[in-house]
């Protein structure tokens, strides 16, 4: 064989970080060792894998062609190493989830996973739909659990379970006692919303598309809890998943509002890369998710 697994590790880390120095650091290598490894890989096959622009190394067409196969090969090698080391066919798992899913659903899933495989390393990355999708597409995560709809031919996107958003306010808000909200009510008060790129914001914009030019955006925040606290303080209306709101509704510091003409139902999705090697760890995680689908 004319290449080594170390060469593939350097190639993949460089492709992900677009910087050889940072790639070397993540692999605990000197920059010269990483540079020699990448140079030798390209030299052996007389093939340039990156376009070099200053200090950035961007994958070219050749690099993109071999990226998925290199990642799959290293995943299998890692699982074999885990099997030899732990005497079982389960390896490490890297999970990504959006805020609502990560905070409300992932911890029970991780608990179940660890009960069956206590020695299997598992990590959880929390970010918005756009970022999680990018990380799965770039092989930085094994699986993503997202709220928004995406269109990426490299990803296998499976409808997982249903969810819906709810408009809410503080008990002291002028609309708190109103049975149903009109469009004038929605236009007449400030909003505190998630950022563009989140699945929650995507759903909100879709449902409220005809009113968007007339809505007053008070704040745009990246964290559900920050939005909840701002709304509870009377700073405006919010719109988040029931998954995030339920604990606060029990405590009585939020009020759910009804807008009959607005349907906020949506689907949650599981995403994996189409060329991702399906390890035992990934297969078990997906099975746990399906058990939580209802």
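Scan 268, 217 and give me the residue that is at pLDDT 90 or above and within 19 Å of the chain's Cα centre (by Cα). Just one listed residue meets the conditions, 268.
To keep it simple, each residue is scored yes or no on (1) free of Cβ contacts under 8 Å to residues at least 24 places away in the same chain; (2) in the same structural domain as residue 284 (by TED's automatic domain parsing); (3) within 19 Å of residue 227 (Cβ to Cβ).
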residue	(1), (2), (3)
104	no, yes, yes
118	yes, yes, no
135	no, yes, no
140	no, yes, no
146	no, yes, yes
180	no, no, no
191	no, no, yes
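Applying the criterion of at least 3 residues that are under 17 Å from residue 287 (Cα atoms) to the helices (runs of 4 or more DSSP H) found wholly in the stretch 96-215 leaves 107-116.
Going by the structure shown, is residue 292 farther than 18 Å from residue 194 by Cα, within 22 Å of the chain's Cα centre (by Cα) and surrounded by fewer than 20 Cβ atoms within 10 Å (Cβ to Cβ)?
So residue 292 passes the test.
Out of curiosity, is residue 33 within 18 Å of residue 78 (Cα to Cα), without any contact (Cβ under 8 Å) to a residue 24 or more places away in the chain, assigned by TED's automatic domain parsing to the domain that holds residue 66 and in a helix (DSSP H, G or I)? Taking the combined requirement at face value, the residue does not satisfy it.
Scanning the stretch 240-260 finds no residues that are touching a strand residue (DSSP E or B) at 6+ places or on another chain (Cβ under 9 Å), loosely packed, with under 13 Cβ neighbours inside 10 Å and without any contact (Cβ under 8 Å) to a residue 60 or more places away in the chain.
Only one of 26, 4, 14 is surrounded by fewer than 19 Cβ atoms within 10 Å (Cβ to Cβ) and in contact with a helix residue (DSSP H, G or I) (Cβ under 7 Å, 6 or more places away or on another chain). Can you tell me which? That would be 26, the only listed residue that is surrounded by fewer than 19 Cβ atoms within 10 Å (Cβ to Cβ) and in contact with a helix residue (DSSP H, G or I) (Cβ under 7 Å, 6 or more places away or on another chain). Only one of the listed residues (286, 237) is surrounded by 14 or more Cβ atoms within 10 Å (Cβ to Cβ), closer than 28 Å to residue 109 by Cβ and touching a strand residue (DSSP E or B) at 6+ places or on another chain (Cβ under 7 Å). That residue is 286. Residues in the stretch 39-63 that are more than 28 Å from the chain's Cα centre (by Cα) and part of a helix (DSSP H, G or I): 39, 40, 41, 42, 43, 44.
Scanning the stretch 94-104 for residues that are more than 15 Å from residue 141 (Cβ to Cβ) and surrounded by 19 or more Cβ atoms within 10 Å (Cβ to Cβ) gives 99, 100, 104.
Does the stretch 126-133 contain at least one residue that is touching a helix residue (DSSP H, G or I) at 6+ places or on another chain (Cβ under 7 Å), under 21 Å from residue 277 (Cα atoms), in the same structural domain as residue 282 (by TED's automatic domain parsing) and surrounded by 17 or more Cβ atoms within 10 Å (Cβ to Cβ)? No, the stretch 126-133 has no match at all.
The values are calculated or read from the model by the stated rules, or taken from the named source; none is laboratory data. This structure is a prediction, so every number in the text was calculated from the model and none was measured. FYI the Cβ positions are ideal-geometry reconstructions off the backbone, even for glycines, and counts take in every protein chain you see.
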